[in-house]
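Chemist: Just passing along the structure, written as structure tokens.
The values are calculated or read from the model by the stated rules, or taken from the named source; none is laboratory data. Owing to the predicted nature of the structure, the values given are computational and were not obtained by experimental measurement. All Cβ positions, even for glycine, are placed from backbone atoms using ideal geometry, and neighbour counts span all protein chains on display.
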Amino acid sequence: MTEPIAYGQTPPLTARRSLLRRPTSTAGLWGWITTVDHKRIGIMYGVSAFVFFLLGGIEALLLRLQLGGPNQHVLSASAYNQVFTMHGTTMIFLVIMPMAAAFANYLVPIMIGARDVAFPRLNAFGFWTFLAGGLFMYSSFLLGGAPNGGWFGYVPQTLKAYSPGHNIDFWVFGLQILGIASLTGAINLIVTIINMRAPGMSFMRMPIFVWMSLVAQFLLLFALPVITVALFLLMFDRQFGGHFFDAQAGADPLLWQHLFWIFGHPEVYILILPAMGIVSEVLPVYARKPLFGYAVKVFSGIAIGFMGWGVWAHHMFATGLGPVAISAFGLSTMFIAVPTGVKIFNWLGTLWGGKLRITTPFLFAVGFVAMFTIGGLSGVTHAVVPADTQQTDTYYIVAHFHYVMFGGSIFGLFAGVYYWAPKVTGKMLSDFLGKIHFWLMLVGFNLTFGPMHILGLQGQPRRIYTYPAGRGWEFWNLVSTIGAFTIAASIVVFIVNVIRTKISDQPNVGADPWDARTLEWTIPSPPPEYNFAEEPLVTARDELWHRKYDEDGDGRAIRRELDYPVVMDEVPDEVHVHMPSPSYWPLVASFTLPAVAYGMIYRAWPVAIAAGVVEITALYSWALEPSTAPPDPDEGTEDHGPELDSGEPAAAELETADAD
Amino acid sequence: MTDTATSHEVEPHTHDERAHPSDAQYVAVALVLGAITAVEVGVYYITAIPKHLLTTMLIVMSAVKFSAVVLWFMHLRFDSRLFRRLFVTGLVLAFAVFLIFLSSLHFYSPSRH
Amino acid sequence: MAATVHDPVEADDDVLHHSATGLSNEKIAMWAFLASDCLLFGALISTYILYRGRSVVGPYPHGVYDIPYTSVSSFVLLMSSLTMVLALSAIQRNDQRRLRIWLLTTALLGTVFIGGQVYEFTSFVRMGLKIHTNLFGSSFFVLTGFHGTHVFIGVLMLMSLFSLSLKGKLPQEKAQTVELVGLYWHFVDVIWILIFTLVYLIPS
């Protein structure tokens, strides 16, 4: 059960000279840059995603300003196209996905009782590649214009003939880079969850968030290759004169839409499942009851994962697929509402009869359930094909997916932020400000997106940059714009809350401030680098709860009288766990990718080739560098800042060419 | 398949590796693969075979070759069933999704549209 | 070779080699990657099938394909799977000499295959088929080129293994590394088995 704390090292076989000296310090800025610690990477994912959230939010405000009244001139038509494209692309690929990655990175290893993910350097590579891809895409604003073909990039609009600038190229290459990041992340988390579980942590004892992350990572694993091919074909059409989407050459105009939505619909579940997992963690804690129907919850999540592959063409009902395809996809879309509905009843069942504690995370979680239900119901209306034909490309669709993506994912993610913030920082965010944030956001959200149902049914099309007066759209558009600024105000409250908490001198909250149920609350806040001083032994689902509570005859929880601490409030001294060492190579390998892309976009072939050579060098050096450097003889005595001079004799190493 | 191989399979643990084939068995598999390839190319030149039959034969033969490499050379027959499940999931998913996709575009009739 | 991975000798990153299933992280990762790659080649092959017979200008497949030639290069790639698995078998017996012979042979066969593909591509171009000629050109070159890139990466990995072995840095405990490269290599081979049938042999 318990393992020895110090880990042995293999005697080195041969000494080898490395190109860059292995970074040794985990302190300071370089410590963050070269880190392979899953918690630090999780935090960096979260912070970067929040910055992109602000950018995407500013874009949304610009759109709403433009549409607040008829005939506005805040944005030109061309700027409007760029802003709505980047708003969608940002919120999906640079906010919700990395935010979910932040939670998964930080929490999954701890929740399953592991010390890190399976491939720590691959994890760092995933993060830096995401950041590089995001910055690359945003650099287009400075280089002649951002992508302007919508987040779905439909052809032929995005072909060279109709989009001759580099805008779409940035989108194509940017998404390819982000795809690499997500694919490596998916493989890493899948292996971690399958293989790094602590003793006793069977699959059916895993926290539901781990389960939902696992399903989402499998969806990523299988969906990303499809969008990769679609983007690859579009790249060939744009860069090398291919004909994949050229109807004049006989190409099928629907090829792009099929490939895009074969990826795109699983993507929807990739965005929502982690948030569902977070809500399923939060509600039981504040209802002080176990999750209602754990097994059903798990299987409905898996069912959603599978069925999500059979509904993609409901995005294409208006394209003339033929009666058979339309009927089949309409039916499958109605069916997928079943496991989703089951989940909603699971949450209600969890709340039923619970001793509710109305805290900020609880409010956001309940907000998620309510708003997601509305979005789910309007989603079912799209499955009714004749109705969908009317709704297609109107604001009704915009209303629907914002209820799912914002009312769903974003509310769920904020529930997670408030819930786990004390674990990550050791400080509690203000509950008062949190509640102001929640109510402002809930009101603002419904003001913004509720009226869009009406506007859509009144026939306001999507993606128009302005509209004439006298169509009856003015009032609800104005309401929607006011709502958008209310959301912005709520985000300001959130930022104030974070800053106030950061500079406050509140004492450490200890390991388990919420009286929670899962393993991450057994270790200090913030956790030490190695997470667990001793590998935990898991005996039950909701392990921590069962360590703390027993049941009386009526099934009521009674606290156990124990003469030893159940949780570890402070980091113990004298624990030496040899953790994976920091490395430069993931960083180099990541930031070389945009260089290749710039080279290809601007046809600067030497740049692309040189960057490719650097990339291969970085990957080789990475493969030949062991994941854990041998211990320094005078370890812990001094903190040498890492130096970048090459040719330093590296510490003797055992060669490994591992798969990451 | 040997008897010991089957007895290993009933072990509850996922760590159910069976003995790997010998080099001679690998060579035998390769000979079969080579022979099937020869037949494939051979039937391609027999013009008497009707088109649909020829297509079916070719697809069956390539499926056999595919399975042989995956099961023997990639050891999927002998390795943990976790690997089998992983790979089969990807393979079946790819097959199902793209078959539906191609069917919805009537790929089988070149004179469509 | 999960059994050898947890040998104490391999414990260089023990922290990460805790294993709930008794299997190695790297091998699970490789199989997950290959499962994912099924969808990648699935999309590319489907695109080719969708566009069969839809080019509005020539050259058309039956005018450029040289089936005997491609059959030989397919056979070469097929046999490289045999030599690959023999290399793995050699390192599992700690037979370094045969390991090197078979690694080198596999890389050589792979190189012959790529060389054959380069020759095929140039002869197609000489016959007037380029990527921007018609749908056939686009879908053929992208699909087979993508596969060829996979083979090329495989050859690089094989040569790296060969050079590690020469330096004595590929002991028996590292058999899994050979196995992982082998899995990748066989996968590239089975994809070609499909391409050979679906792209070259099946009549349009």
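Chemist: Could you tell me which of the residues C:Ala43, C:Ala29 is farther than 19 Å from B:Trp72 by Cβ, surrounded by 22 or more Cβ atoms within 10 Å (Cβ to Cβ) and either within 9 Å of chain B (Cβ to nearest Cβ) or in contact (Cβ under 8 Å) with a residue 40 or more places away in the chain (or both)?
Modeler: Result of the check over C:Ala43, C:Ala29: C:Ala43.
Chemist: Let me ask you something else. Given the conditions (1) in contact with a Gly (Cβ under 6 Å, 6 or more places away or on another chain); (2) closer than 18 Å to A:Ala516 by Cβ, which single one is not true for A:Thr394?
Modeler: With (1) in contact with a Gly (Cβ under 6 Å, 6 or more places away or on another chain); (2) closer than 18 Å to A:Ala516 by Cβ applied to A:Thr394, the lone miss is (2).
Chemist: Among the residues of the stretch A:125-146, is there at least one that is within 14 Å of chain C (Cβ to nearest Cβ), crowded, with 22+ Cβ neighbours inside 10 Å, outside any loop (DSSP other than H, G, I, E, B) and at pLDDT 95 or above?
Modeler: The answer is yes, given that some residue of the stretch A:125-146 is within 14 Å of chain C (Cβ to nearest Cβ), crowded, with 22+ Cβ neighbours inside 10 Å, outside any loop (DSSP other than H, G, I, E, B) and at pLDDT 95 or above.
Chemist: Can you tell me which of (1) modelled with pLDDT of 95 or more; (2) within 12 Å of chain B (Cβ to nearest Cβ) is the one A:Ala328 doesn't meet?
Modeler: (1)
Chemist: Whether any residue in the stretch A:72-82 is touching a residue at least 24 places away in the same chain (Cβ under 8 Å), under 19 Å from A:Ile487 (Cα atoms) and touching a helix residue (DSSP H, G or I) at 6+ places or on another chain (Cβ under 7 Å) is what I want to check.
Modeler: Scanning the stretch A:72-82, I find no residue that is touching a residue at least 24 places away in the same chain (Cβ under 8 Å), under 19 Å from A:Ile487 (Cα atoms) and touching a helix residue (DSSP H, G or I) at 6+ places or on another chain (Cβ under 7 Å), so the answer is no.
Chemist: Could you grab me the full set of residues in the stretch A:514-548 that are among the polar types (S, T, N, Q) and assigned to a helix (DSSP H, G or I)?
Modeler: Within the stretch A:514-548, just A:Thr522 meets the criteria.
Chemist: Go through the residues of the stretch C:112-125 one by one and say whether even a single one is without any contact (Cβ under 8 Å) to a residue 40 or more places away in the chain and buried (at least 19 other Cβ atoms within 10 Å of the Cβ).
Modeler: Taking every residue of the stretch C:112-125 in turn, none turns out to be without any contact (Cβ under 8 Å) to a residue 40 or more places away in the chain and buried (at least 19 other Cβ atoms within 10 Å of the Cβ).
Chemist: Among the candidates A:Phe263, A:Phe245, which residue alone is touching a residue at least 12 places away in the same chain (Cβ under 8 Å), buried (at least 22 other Cβ atoms within 10 Å of the Cβ) and outside any helix (DSSP H, G or I)?
Modeler: Matching residue, one of A:Phe263, A:Phe245: A:Phe245.
Chemist: Let me ask you something else. Of the numbered conditions (1) among the small types (Gly, Ala, Ser); (2) surrounded by fewer than 23 Cβ atoms within 10 Å (Cβ to Cβ); (3) within 12 Å of chain A (Cβ to nearest Cβ), C:Ser139 fails exactly one; give the number of that condition.
Modeler: The number of the failed condition is (2).
Chemist: C:Gly145: within 14 Å of chain A (Cβ to nearest Cβ) and modelled with pLDDT of 95 or more, yes or no?
Modeler: yes
Chemist: For the stretch C:72-111, what are the residues that are surrounded by fewer than 22 Cβ atoms within 10 Å (Cβ to Cβ), within 16 Å of B:Gly34 (Cα to Cα) and free of Cβ contacts under 8 Å to residues at least 12 places away in the same chain?
Modeler: Answer for the stretch C:72-111, where residues must be surrounded by fewer than 22 Cβ atoms within 10 Å (Cβ to Cβ), within 16 Å of B:Gly34 (Cα to Cα) and free of Cβ contacts under 8 Å to residues at least 12 places away in the same chain: just C:Phe75.
Chemist: Also, I was wondering about something else. Which condition breaks for C:Ala3 when tested against (1) more than 10 Å from chain B (Cβ to nearest Cβ); (2) in a helix (DSSP H, G or I); (3) modelled with pLDDT under 95?
Modeler: So the condition that C:Ala3 fails would be (1).
Chemist: Being small (Gly, Ala, Ser) and assigned to a loop (DSSP other than H, G, I, E, B) is the filter; apply it to the stretch A:549-587 and report the residue that is nearest to A:Ala114 (Cα to Cα).
Modeler: Among those that are small (Gly, Ala, Ser) and assigned to a loop (DSSP other than H, G, I, E, B), it is A:Ser581.
Chemist: How many residues does the stretch A:329-365 hold that are more than 15 Å from A:Arg288 (Cβ to Cβ) and of a type outside the set (Phe, Trp, Tyr)?
Modeler: Final tally of qualifying residues: 18.
Chemist: Go through (1) within 30 Å of C:Pro61 (Cβ to Cβ); (2) without any contact (Cβ under 8 Å) to a residue 60 or more places away in the chain for C:Leu135 and report which single condition fails.
Modeler: For C:Leu135, the failing item is (2).
Chemist: Hey, does the stretch A:314-322 have a residue that's touching a residue at least 12 places away in the same chain (Cβ under 8 Å), within 25 Å of the chain's Cα centre (by Cα) and in a helix (DSSP H, G or I)?
Modeler: Checking the stretch A:314-322: at least one residue is touching a residue at least 12 places away in the same chain (Cβ under 8 Å), within 25 Å of the chain's Cα centre (by Cα) and in a helix (DSSP H, G or I).
Chemist: Could you identify the single residue in A:Gly250, A:Gly165 that is within 24 Å of A:Gly150 (Cβ to Cβ) and at pLDDT below 95?
Modeler: A:Gly165
Chemist: Turning to a different aspect of this structure: Of all residues in the stretch B:61-83, count the ones that are more than 10 Å from chain C (Cβ to nearest Cβ) and either in a helix (DSSP H, G or I) or on the phi > 0 side of the Ramachandran plot (or both).
Modeler: Count: 2.
Chemist: Return yes when C:Pro61 is surrounded by fewer than 16 Cβ atoms within 10 Å (Cβ to Cβ) and within 14 Å of chain B (Cβ to nearest Cβ) and no when it is not.
Modeler: Here the answer is no, as C:Pro61 does not meet what is asked.
Chemist: For C:Ala87, only one of the following conditions fails: (1) part of a helix (DSSP H, G or I); (2) away from chain B (no Cβ under 12 Å). What is its number?
Modeler: Of (1) part of a helix (DSSP H, G or I); (2) away from chain B (no Cβ under 12 Å), only one is false for C:Ala87: (2).
Chemist: Here are the criteria: (1) assigned to a loop (DSSP other than H, G, I, E, B); (2) over 17 Å from C:Phe187 (Cα atoms); (3) modelled with pLDDT of 90 or more. Tell me which single one B:Val97 does not satisfy.
Modeler: Single failed check for B:Val97: (1).
Chemist: For the stretch A:387-418, give me each residue that is of a type in the set (D, E, K, R) and buried (at least 20 other Cβ atoms within 10 Å of the Cβ).
Modeler: A:Asp388
Chemist: Can you spot a residue in the stretch C:101-116 that is over 29 Å from C:Ser204 (Cβ atoms), outside any helix (DSSP H, G or I) and either more than 14 Å from chain A (Cβ to nearest Cβ) or over 12 Å from the mean Cα position of the chain (by Cα) (or both)?
Modeler: no
Chemist: Scan A:Ser327, A:Ser280 and give me the residue that is closer than 30 Å to B:Ser103 by Cα and not aliphatic (A, V, I, L, M).
Modeler: Just one listed residue meets the conditions, A:Ser327.
Chemist: Would you pick out the residues in the stretch B:28-60 that are closer than 13 Å to C:Leu78 by Cβ and either at the interface with chain C (Cβ under 8 Å from one of its Cβ atoms) or touching a residue at least 40 places away in the same chain (Cβ under 8 Å) (or both)?
Modeler: B:Val29, B:Ala30, B:Leu33, B:Gly34, B:Thr37, B:Glu40, B:Val41 - these are the residues of the stretch B:28-60 that are closer than 13 Å to C:Leu78 by Cβ and either at the interface with chain C (Cβ under 8 Å from one of its Cβ atoms) or touching a residue at least 40 places away in the same chain (Cβ under 8 Å) (or both).
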